[in-house]
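Have a look at the structure below, then the notes.
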Amino acid sequence: ARAAPATTTAELFGFALGCAAVGIGAGWAMRAALQQLDRLLAEHKADNLRFDSAINNISQGLCFFDGRERLIVCNDRYAEMYNLPREVMRPGITLREVVEHRYQVGTGPDMPAEQYLAWRHSCAAASHSSDTVTDLRDGRTFAIHHQPMPDGGWVATHEDITERRRHQALIEGMAHSDPLTGLSNRVRYRERLEEVLKQVGPEGAVGLLCIDLDRFKAVNDTLGHPIGDQLLCAAAKRLRQSVRQGDLVARLGGDEFAIIQFDNAPQPAAATSLAARLVHEFTRPFEIGEHQLLVGASVGVAISPTDGTDPDDLLKKADLALYDAKMSGRGTFSLFRPPMHEIAQSRRLLGLDLRQAEAREELELHYQPIMSLHTGKIVAFEALLRWRHPEHGLVMPDTFIPMAEETGLIEPLGAWVLRKAFLDAARWPADIGVAVNLSPVQVKSASLTRLVREALQAAALAPNRVDLEITESVLLSENSVNLATLHGLRALGVRICLDDFGVGYSSLSYLRSFPFKKVKIDRSFVRDVVEKSEAAAIVRAIASLCRSLDMSVTAEGVETDEQLENVQRIGCDEAQGYLIGMPRPAADLGLRHGQSPARAPVRGHAAPAGAETGVRAAVPI
């Protein structure tokens, strides 16, 4: 059946009276009218029930005011949201009365009542809908959609978006914050730098500082990432305490931090003053658990507008200045200078040339002798990598090895060193060994054992003439995997040696983790063994411990007769350094089958200026 047309109560009464007036039979006409009235009233009641059900089951609060700002209807959700008694929200109550009730129960807007009413009046007078967000005095946040009506009234929906805003703020915070240190991350740093540069204009001064921890990698490698993470957090705290309010401190990644210095102080004086203060602050040790860590910091500085106004360009220039500070010996700061661009370009080109160095036969090995302190004879030579560049001449490892690490070339370079060193050693007398350093990257490689085996076979070299030297970081990083590789190498018959012993933070524990055949005491202890009793005591203790563990001990960096006499008296088995002999090509060693030198061919020379003192063939550690 077709639904009856909507009819008002007044129309029904009018219909009934009309029937009586025209003289239609009172009995049946009145009955028919009353039946239709009952039916329409029932339908009207059903419509009201459906309307009430609809508006009371929506998640938003809803209210309908007429042109005189009097309430026509509101749903239960609106009363609940604003903690208003249902009997208060009766039809006819004015907007002002509703607002006054809300302020009384503490759910009024976080603004004066008159200001809020003026805003609602302006919404009502507007001819278009509007969406606004209002903070309440009880801490909640509501979104209000206002829809004006032709007669001056309006319909509004109110939605509680407190949790949504909280989650949104949390997500935005995560997107702009470093989760470890709580500092701004690289994204927020870039955005803030752009904002500041626009704010100060082309004439305003902004200082940009990039900070790197100098010995962070050693901490991570020797103590592990949990200690490294705690150190990063402590460094972040120290940086925050060193800047002024309004400066932004960010962690760009790894152990690299940055600061935007934004104030009215003259530049570059303010930035250089801060940089010097940071370098000094990071000379103080960090107390991390039971460890006292000395790391230091290097700082690069760029200034806007002197060095430019583009955010990315400024960051690049600060990074170039940071690299210059590192190359200057670390623990210092550098301001950007235009020539740094040329230096960076030259470094990039040098890195490209390094990829072709092996194919062009530009790589060569120099060998430094190792002398027995028991017999005074040379017992081995350590292979040290050199690069003879066609334009730049002899390039030392401290220049190109970091490039190899950054670009992934360290593994093929290390493989070349193994093959070349074994072939050279095969031509030496049978009682002369060869020592080759292994980088941590090589030890992680599953192919290292096979590579060493093939290199031994290709050179027809006896494995017991080979020392493979590693540093403590190899044992800490992925310990189980690396130990398995070291055991595989030992099974080939080569000797595994622990190099640079004493510079880490947990050295003694490593002597139990693997059966080393030799320990090389770091040159920093040997250098002070004559003048500092504590250095001599450390060397003596290491030598005594190694003897009890059936390990031989080599003193590195011996440069004077006094140092040689001391390490011999203390109990070291071997010595290596410029006093014993300088690194030289294999052809200049004077070695022939069956003929061994009694002492190194060169001794008594001090280290030449700029000479390598700690860089090894495969990787500098």
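The values are calculated or read from the model by the stated rules, or taken from the named source; none is laboratory data. Just so it is clear, the model here is predicted, and its values are computed rather than measured. Here the Cβ positions follow ideal geometry from the backbone for every residue, glycine too, while neighbour counts run over all protein chains shown. For accessibility, only protein heavy atoms count, side chains too; no ligands or nucleic acids. Shrake-Rupley method; radii C 1.70, N 1.55, O 1.52, S 1.80 Å.
Could you order the peptides 412-420, 356-364 from most to least packed, using the average number of other C-beta atoms within 10 Å per residue? Each step should come with its number before you reach the end.
Numbers: 412-420: 20.6, 356-364: 13.6.
Packing order, densest peptide first, comes out as 412-420, 356-364.
Contact order normalised by length for region 288-421, with contacts defined as Cα pairs under 8 Å and 6 or more residues apart; what percent is it?
Values: 150 pairs, mean separation 21.0, N = 134.
Relative contact order of region 288-421: 16 percent.
How high is the FRET efficiency between D151 and E256 when r is their beta carbon distance and R₀ equals 60 Å, given to the nearest 0.05? List each step's numbers first, then the result.
On the way: r = 65 Å, r/R0 = 1.08.
After rounding to 0.05, the efficiency reads 0.40.
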Take each of the peptides 290-301, 68-79, average the number of other beta-carbon atoms within 10 Å over its residues, and list them starting from the highest.
290-301, 68-79
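Between Q245 and D66, what length comes free when the chain is fully extended (0.36 nm per residue of separation minus the Cα-Cα distance, one decimal in nm)?
Values: separation 179, 0.36 × 179 = 64.44 nm, distance 5.19 nm.
Length gained between Q245 and D66: 59.2 nm.
So, by mean Cβ neighbours within 10 angstrom, what's the order for 153-165, 120-132 with the highest one leading?
Numbers: 153-165: 16.8, 120-132: 12.6.
Going by the mean number of other Cβ atoms within 10 Å, highest first, we get 153-165, 120-132.
Please give the contour-minus-distance gain from A460 to Q292: 0.36 nm per residue of separation, less the Cα-Cα distance, rounded to one decimal in nm.
Values: separation 168, 0.36 × 168 = 60.48 nm, distance 4.81 nm.
Value of the extension gain: 55.7 nm.
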Going by amide H atoms built from the backbone, whose H comes under 5 Å of the H on S177, apart from near neighbours?
N185
Suppose R0 equals 41 Å. What FRET efficiency, 1/(1 + (r/R0)^6) with r the Cβ-Cβ distance, do I58 and H176 give to the nearest 0.05?
0.70
Subtracting the Cα-Cα distance from 0.36 nm times the residue separation, let me have the gained length for R90 to H374 in nm, one decimal.
91.5 nm
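Give me the mean projected area, in nm² to one decimal, of the convex hull enclosing the Cα positions of region 301-425.
Working: hull surface 42.1 nm².
Averaged projected area of region 301-425's Cα convex hull equals 10.5 nm².
Calculate the FRET efficiency for E114 and E194 from the Cβ-Cβ distance with a Förster distance of 30 Å, rounded to the nearest 0.05. Please list the in-between numbers first.
Details: r = 40 Å, r/R0 = 1.33.
Using R0 = 30 Å, I get an efficiency of 0.15.
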Per residue, what volume in Å³ does the Cα convex hull of region 149-306 take up?
158 Å³
Short version: ³J(HN,Hα) in whole Hz for each residue of region 125-142, in order, from phi by Karplus 6.51 cos²θ - 1.76 cosθ + 1.60 (θ = phi - 60°), x for Gly and Pro, what are they?
6, 6, 9, 10, 6, 8, 10, 9, 10, 10, 8, 8, 5, 8, x, 7, 10, 10
Give me the percent of the accessible area of region 145-261 that comes from carbon and sulfur atoms, probe 1.4 Å, all protein chains in place.
53 percent
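Can you tell me what the convex hull of the Cα atoms of region 383-425 projects to on average, as an area in nm²? All intermediate terms of the calculation are to be shown ahead of the outcome.
Details: hull surface 13.2 nm².
Here the figure is 3.3 nm², rounded to one decimal.
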How much accessible area per residue does region 233-370 have, counting only protein heavy atoms and a probe of 1.4 Å, in square angstrom?
47 Å²
Using alpha carbon centroids, what distance separates region 184-261 and region 287-333, in Å?
10 Å
